[in-house]
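Since the structure comes first, as structure tokens, the remarks are kept for the end.
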Amino acid sequence: MKVADIMASLEKKHGNEKEFLQAVHEVLESIEEIYNQHPEFQKAKIIERLIEPDRIFTFRVTWQDDKGEVHSNLGYRVQFSNAIGPYKGGFRFHPSVNLSILKFLGFEQMFKNALTTLPMGGGKGGSDFDPKGKSDAEIMRFCQSFMTEMWRHLGPDTDVPAGDIGVGAREIGFMYGWYKKLARENTGVLTGKGATWGGSLIRPEATGYGGVYFVTHMLATKGMDIKGKTVSVSGFGNVAWGAAQKATELGAKVIALSGPDGMIHDEAGMTEEKIEYMLELRASNNDVVAPYADKFPGSKFYPGKKAWAVKVDIALPCAFQNELNGDDARELIKNGVICVGELSNMGCTPEAIAELQKAKVLYAPGKAANAGGVAVSGLEMTQNAMHISWTAEEVDNKLKQIMENIHQQCVKYGTQKDGFINYVNGANIAGFMKVARATLEQGLC
Ligand code: 2IT
């Protein structure tokens, strides 16, 4: 396999899917050497198969707003691979959603899910629907219309979606309710459910908690501790909220957060009250962080700035793909950053990753560092299948073990001759090898 040849043929077919091509390129570069030591993979054309999803569903979602006006959006589900378990991955509702973004997310999800060690395949879906400024009733009507088309492709052993950007407990509730109505069954077909109707404890916190657990393992490889370190996060959604909570609990100081409107610098550091306020900002559906500075004197709002402009020890991208670029990486490095843990999916551009690795900064890609979210989704599926619920402590302990195990897999496959841990290679190789072997063993299907 030659990366250039595979990329050339993929570009010929999907030349306009730039996020998808970026995600594939990163994985191919990491696995090229090891793949070429496996003639059985080459013979079965494993890579050529894994870069195309098993199938894609696209449909129209028509709904009515509160004034009676009719709208149509596009809905999608990309079922990437079910080699190691039912398709699993979130729904994203955001105006930027298109096939390129969902294919990149589904492709990443397939390897991330493999890293969790739980039996989950990879998938992703969503819509270009914009939840910003919508009422609860509008969101419910949209979710119901979306589910009317989607439900036939789902099932607790077929495809189990969850949340992603723009899809939280409220949306999962509306979709779950409608699925039940159509399918006439109450099964764990979605994860991220409410705690009283099948949801797992710790699922809302899991991506952020898991990411911080992963960061503590990265720091430990250098004999360092998170206690006393300064942290910046991007975003103020579920992921940033969980990360800020756990980092603060472990003695770190979160001094910057950001939104599409700009950045908050809070030198005093976030407290429990400030962290809970992130939930209010999110629930407002306005997508802005500026009100934080009015509410908490001493913090300052910088319009148009990113959280990467502030001097910190640890930077945690928690929002969007390609939200940390080469210039941001250079700025962080200049300011002495020690660790960048990607809690968003593909949060760093290839240029940013190259800069961080050149500067020997501890850098972990999303498919390793943010796998805690889907891992607890997997634990939610287990609890649903067993018709039981575990305590928060039981789930949290399992999450800790899973993150430690992912870190070990990265170290095993990513440690270079000079001792530097290349977490990108480690995560890609470990995830890929598992999916590749499972695909090979199941023949041509
Ligand atoms: O990117 C992700 O891993 C998620 N949005 C969570 C997926 C899931 O199925 O919990």
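Since every read-out is calculated from the coordinates, none of them should be taken as a lab result. Predicted, not measured: the structure shown is a model, and the values here were computed from it. Cβ placement follows ideal geometry from the backbone for every residue including glycine, while neighbour counts extend to all protein chains displayed.
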Determine, for 308, 390, the number of other Cβ atoms within 10 Å of each Cβ, and report the residues in order from fewest to most.
390, 308
Quick one: which of 88/412; 274/305; 12/112; 222/253; 112/398; 253/358 span more than 22 angstrom between C-alpha atoms?
88/412; 12/112; 253/358
Whole Å is fine, so just give me how far the alpha carbon centre of region 1-24 lies from that of region 225-303.
37 Å
Which order, highest average first, do 324-337, 241-254 follow once you tally other Cβ atoms within 10 Å for each residue and take the mean per peptide?
241-254, 324-337
Percent antiparallel among DSSP beta bridges confined to the chain, rounded to 5, stands at 60 percent
For region 308-324 and region 111-165, what is the separation of their C-alpha centers, rounded to whole Å?
26 Å
Treating only the Cβ of Lys, Arg, Asp and Glu as charged (+1, +1, -1, -1), what charge dipole size does region 326-434 show about its Cα centre? Round to the nearest 20 debye.
420 debye
Listed by chain and number, the residues whose amide H is under 5 Å from that of residue 121, excluding neighbours fewer than 5 places away on the same chain and using placed H, are 84, 85, 87, 88
Would you mind putting 298-307, 170-179 in packing order, based on average other-beta-carbon counts within 10 Å, highest first?
170-179, 298-307
If each residue of separation counts as 0.36 nm, what is the full-extension length gain between residue 445 and residue 330 once their alpha-carbon separation is subtracted?
36.9 nm
Would you pull out the residues with amide H under 5 Å of residue 162's amide H, same chain only if 5 or more places away, H placed 1.01 Å from N?
89, 90, 91, 191
Among the aspartates and glutamates, which have Cα under 16 Å from the Cα of residue 417 when same-chain residues fewer than 8 positions away are ignored?
33
Going highest first, how would you order 38-48, 198-208 by mean Cβ packing within 10 Å?
198-208, 38-48
